[in-house]
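Here is the structure we will look at.
The values are calculated or read from the model by the stated rules, or taken from the named source; none is laboratory data. Note that this is a predicted model, so its numbers are computed, not measured. In this analysis, Cβ positions are derived from the backbone assuming ideal geometry, glycine residues included, and neighbour counts consider all displayed protein chains.
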Amino acid sequence: MNWKEIDENAKRWTRDAGEKIRASFSEELLIQTKSSPNDLVTNIDRETEQFFIEKIRQAYPNHQILGEEGFGDELEKLDGTVWIIDPIDGTMNFVHQQRNFAISVAVYQDGVGKVGLIYDVVHDELYHAMPGEGAYLNDTKLPQLPQVSVEQAIIGLNATWITENKRIDPSILAPLVKKVRGTRSYGCAAMEMAYVATGRIDAYISLRLSPWDYAAGLIIVEELGGKVTTLTGEPLTLLGQDSVFVSKPGLHDQIRKNYLVDYKEEPKN
Ligand code: IPD
Ligand code: CA
Ligand code: CA
């Protein structure tokens, strides 16, 4: 398998898709809701996913595709070469703010990450990594993630998880929120993982993400020595929804040991 070529194609298609999205800003959006009134999708999400699928099918007819908008394949296993794509991560931001959204593209071989790309379309910032080859922001190599204490950390966390919700007792994360230097909530999981990679934030916690939200970020953050697991410290499945805890290495252990011991994963159905 020529991973260098796959990486180069993935980058080119991602930048091209970004250009199309930027061009769409002057056009009227078709906005629809999915599972709830807050779960948005637009014609641009769909067109972007279809753009990738067309390119991948043409170049790599044997590869499988897992895409959020469902134009790819229905996968039960991660055997073979699998592209995992979120055409627009942060659709609510895309619709309301026209910023703070990203394209997330990852390629896995038999469940092992090979290429990870997160593209901040508005800032033209492409975060990318191939395991063993370093992680980059555009052409700049990112340094390995340093240690940081809980008191010095800024954590990406949605306010949902410290108010009444159906996934976690809010009293579990409240002491962590009190202890850290600050919290941030960007509304774009892929970008929040890219921000952990660059040190703009030190950790990111979400109680429910899908594979396309974190597949690329996982490759980039792990390449820099960061840790990406569920909140109970288990590896992410890449097939169903999971809680996700992304962090600088020592901080991950500190937070798990001191703040997450009471958290139990809900049974999967
Ligand atoms: C969402 C964003 C958001 C996260 C949600 C995701 P979407 O993705 O990543 O930050 O909190 O769980 O579903 O729907 O905008 O692609
Ligand atoms: Ca998403
Ligand atoms: Ca999406």
Q. If you go through the range 204-214 one residue at a time, do you hit one that is in contact with a helix residue (DSSP H, G or I) (Cβ under 6 Å, 6 or more places away or on another chain) and over 30 Å from Gly72 (Cα atoms)?
A. no
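Pull up the range 75-98, narrow it to residues that are away from ligand 2 (no atom under 16 Å from the Cβ) and over 17 Å from Phe52 (Cβ atoms), then point me to the one that is surrounded by the most Cβ atoms within 10 Å (Cβ to Cβ).
Kept after step one, since they are away from ligand 2 (no atom under 16 Å from the Cβ), are these residues of the range 75-98: 75-82, 98.
Then drop every residue that is not over 17 Å from Phe52 (Cβ atoms), which leaves 76-80, 98.
On the way: Glu76: 7, Lys77: 10, Leu78: 19, Asp79: 11, Gly80: 13, Gln98: 15.
Residue satisfying both the conditions and the ranking: Leu78.
Please find, within the range 196-214, the residue that is nearest to Tyr263 (Cα to Cα) out of those that are more than 12 Å from ligand 1 (Cβ to nearest atom) and in contact with a strand residue (DSSP E or B) (Cβ under 9 Å, 6 or more places away or on another chain). Let's see the steps before the verdict.
If we filter the range 196-214 for residues that are more than 12 Å from ligand 1 (Cβ to nearest atom), which is where we start, we get 196-203.
Cutting the leftovers down to in contact with a strand residue (DSSP E or B) (Cβ under 9 Å, 6 or more places away or on another chain) gives us 196-198, 200-203.
Working: Val196: 23, Ala197: 25, Thr198: 28, Arg200: 26, Ile201: 23, Asp202: 21, Ala203: 17 Å.
That would be Ala203.
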Q | Failed criterion for Trp83 (all others in (1) at pLDDT 95 or above; (2) more than 14 Å from Ala216 (Cα to Cα); (3) aromatic (Phe, Trp, Tyr) hold) | A | (2)
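Residue by residue, here is whether (1) out of contact with any strand residue (DSSP E or B) (no Cβ under 8 Å at 6 or more places or on another chain); (2) at pLDDT 95 or above; (3) not aromatic (Phe, Trp, Tyr) holds:
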residue: Val115; (1), (2), (3): no, yes, yes
residue: Tyr119; (1), (2), (3): no, yes, no
residue: Glu125; (1), (2), (3): no, yes, yes
residue: Pro131; (1), (2), (3): no, yes, yes
residue: Leu145; (1), (2), (3): yes, yes, yes
residue: Gln152; (1), (2), (3): yes, yes, yes
Q.
Go through (1) in a loop (DSSP other than H, G, I, E, B); (2) within 16 Å of ligand 3 (Cβ to nearest atom) for Met193 and report which single condition fails.
A. (1)
Q. For residues in the range 157-186 being in a loop (DSSP other than H, G, I, E, B), touching a strand residue (DSSP E or B) at 6+ places or on another chain (Cβ under 6 Å) and over 13 Å from Leu207 (Cβ atoms), which is nearest to ligand 3 (Cβ to nearest atom)?
A. Val180
Q | Hits in the range 222-245 - residues which are closer than 25 Å to Ile65 by Cβ, in contact (Cβ under 8 Å) with a residue 60 or more places away in the chain and among the aliphatic types (A, V, I, L, M) | A | Leu238, Leu239
